[in-house]
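Some notes on the structure that comes next.
The values are calculated or read from the model by the stated rules, or taken from the named source; none is laboratory data. Keep in mind that this is a model prediction, so the values were computed, not measured. Using ideal geometry, Cβ is built from the backbone for each residue, glycine included, and neighbour counts are taken over all protein chains shown. To get the accessible areas, we keep the full protein, side chains included, count just its heavy atoms, and leave off ligands, DNA and RNA. Shrake-Rupley method; radii C 1.70, N 1.55, O 1.52, S 1.80 Å.
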Amino acid sequence: KNCVLCLVMSGCVSAPNESSQTTEDDKPLVVFVTGDHEYSSESTMPVLAASLEQGYNMRTVVLKSHPDQNAEENIPGLEALKEADLAVFFLRWRRLPADQLKFIDDYLKSGKPVIGFRTSTHAFNYPEGHELRSWNAFGERAFGSPPGWGGAAKHTHYGHESSTDVYVIEKEAGHPILTGVDKDFHVKSWLYKVLPDYPVVGSTPLLMGKPVNPNTEDAIENPVAWTWQSASGARTFMTTLGHPEDFQQEAVQRMCVNAIHWTLGKPIPEWNGKIDINVPYRGM
């Protein structure tokens, strides 16, 4: 018995379950932070997370607003970001307390990678005069997106009755995130307006969106996916897509899986096939 203990301590043999534990710990931890009122991220993101665990050798944690997606002031479990290798945000108009924001702030300062979906451009909505109002510009800090909804950037969309034709920007067709992604496809998401000032200088737009049946005659094409390196050195990916019907598109699914691997600095994996994501649009 003592001899076995000596061998374990000397490293000649492994302690029971040591190799399996090491393998599990070596898997990247992806933490999803959700809460968006409208787009059912509390249901779409867990399906994406499950596919990462089952087919792509990752660990995941999915955090949700409590008690439901309309609760704007509480997302329990944000301390998971302390151990995260990647944070994925799908938020809309939250007003989290300072102690919860601290975990997000620390993560953004760490320089570790970040991904954002759709309404994460306006993840927070603190009122005028609030001590945390600067967090309304979270999208600009985290993703190089417009700093919140409306405002000087005139960040808006082209109407709920519209949809979007998406196409790969030709000069970026070889980008790893676009591996296996259709050159053009159609999504339900009504196009977000981010031009002319966003994404910020230094970003790399990957996909463009053309509005279909927009609510204004002067509607223009806008980037719908881009990469960027934040001020803290984080590798980031942002997409303004995110309607639950978008996730039924294999092109969108593959883009997401590729982006998760790319931001983590991992090779783009062999595609495991279409994911069954059938989540209804919640609406407002």
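In table form, for the structure just shown:
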read-out	value
Segment 91-110: number of residues that are crowded, with 16+ Cβ neighbours inside 10 Å, in contact (Cβ under 8 Å) with a residue 40 or more places away in the chain and more than 17 Å from S40 (Cα to Cα)	3
Considering residues of segment 164-180 that are among the aliphatic types (A, V, I, L, M) and part of a strand (DSSP E or B) only, the residue nearest to T204 (Cα to Cα)	V168
Total residues in segment 269-284, condition in contact (Cβ under 8 Å) with a residue 12 or more places away in the chain and open to solvent by 70 Å² or more (accessible area, probe 1.4 Å)	8
Residue list for segment 111-143, restricted to those being over 24 Å from E42 (Cα atoms) and under 17 Å from the mean Cα position of the chain (by Cα)	G111
Selection status of I177, crowded, with 16+ Cβ neighbours inside 10 Å, in contact with a helix residue (DSSP H, G or I) (Cβ under 7 Å, 6 or more places away or on another chain) and either farther than 30 Å from E270 by Cβ or in contact (Cβ under 8 Å) with a residue 24 or more places away in the chain (or both)	yes
Qualifying residue in segment 219-228 (condition: more than 23 Å from Y107 (Cα to Cα) and aromatic (F, W, Y))	no
Among the residues listed as V88, V62, the single one being in contact (Cβ under 8 Å) with a residue 12 or more places away in the chain, under 17 Å from the mean Cα position of the chain (by Cα) and farther than 26 Å from P147 by Cβ	V62
Residue identified as open to solvent by less than 10 Å² (accessible area, probe 1.4 Å) and on the phi < 0 side of the Ramachandran plot among A87, A80	A87
Number of positions in segment 178-234 that are closer than 24 Å to G283 by Cβ and of a type in the set (S, T, Y)	3
Given (1) of a type in the set (G, A, S); (2) in contact with a strand residue (DSSP E or B) (Cβ under 9 Å, 6 or more places away or on another chain); (3) surrounded by 17 or more Cβ atoms within 10 Å (Cβ to Cβ), number of the condition S40 does not satisfy	(2)
In segment 125-150, residue farthest from W226 (Cα to Cα) [restricted to those that are crowded, with 24+ Cβ neighbours inside 10 Å and aromatic (F, W, Y)]	F138
